[in-house]
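Heads up: the structure comes next, in structure tokens.
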Amino acid sequence: MRDFRHRRRAKKFLNSPRFVLILVVLVIIIGQGAWGVYKKERESEMNLEDVRGELERTREREEELSQQIEYLHTDKGIEGEIREKFSVVKPGEEVVIIIEDRKAESETDSKQSFLERLWNGIKGIFNN
């Protein structure tokens, strides 16, 4: 008889609103935990992709630097760097400096009409 009462009380509790409320609260708590883990997993995937891209860029940069180092170990590379850094020439060589003719540019500007200059100014703003 006692067993029967105990079963009936258990069934009554399982069918009560209090038990349903407890279950809903537990499901919400577990769901929030699972959602947090899911968000962290997605963030980790994005971070992994970022790190892989950075690793690839670093490897490319390493390759470029290795090629530059190999170039600098040659006589031609050393000579080129000295010429670039110190602006020197070998005996018997001459330096040619090309200067643009600014007079020609100003003449073409003065030949343009006001509307053409305005239009070119507007295009210049949007091309930058």
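Values in this text are rule-based calculations from the coordinates and carry no lab data. It should be emphasised that the depicted structure is a prediction, and the values quoted were computed from it without experimental measurement. So basically every Cβ, Gly included, is an ideal-geometry build from the backbone, and we count neighbours across all protein chains shown.
Of 17, 33, 92, whose Cα points farthest to the positive end of the dipole of the chain (charges on the beta-carbon: +1 Lys, Arg; -1 Asp, Glu; origin at the Cα centre)?
The Cα lying farthest towards the positive end belongs to 17.
Let me know the charge dipole size of the chain about its Cα centre in debye, to the nearest 20, where only the beta-carbon of Lys, Arg (+1) and Asp, Glu (-1) is charged.
Here the size comes out at about 2980 debye.
Ignoring the sites themselves, what is the longest stretch of the chain with no GluC sites (Glu not before Pro) in a DSSP loop and at most 15 other beta-carbon atoms within 10 Å?
Longest run free of exposed loop sites: 1-92.
Compute the normalised compactness of segment 2-127: alpha-carbon radius of gyration over 2.2 N^0.38 Å, N being the residue count.
Taking N as the residue count of segment 2-127, the ratio is 2.80.
Can you return the lysines within cross-link range of residue 90? Criterion is Cα-Cα under 27 Å, with same-chain partners fewer than 8 residues away left out.
Excluding near neighbours in sequence, the set is 76.
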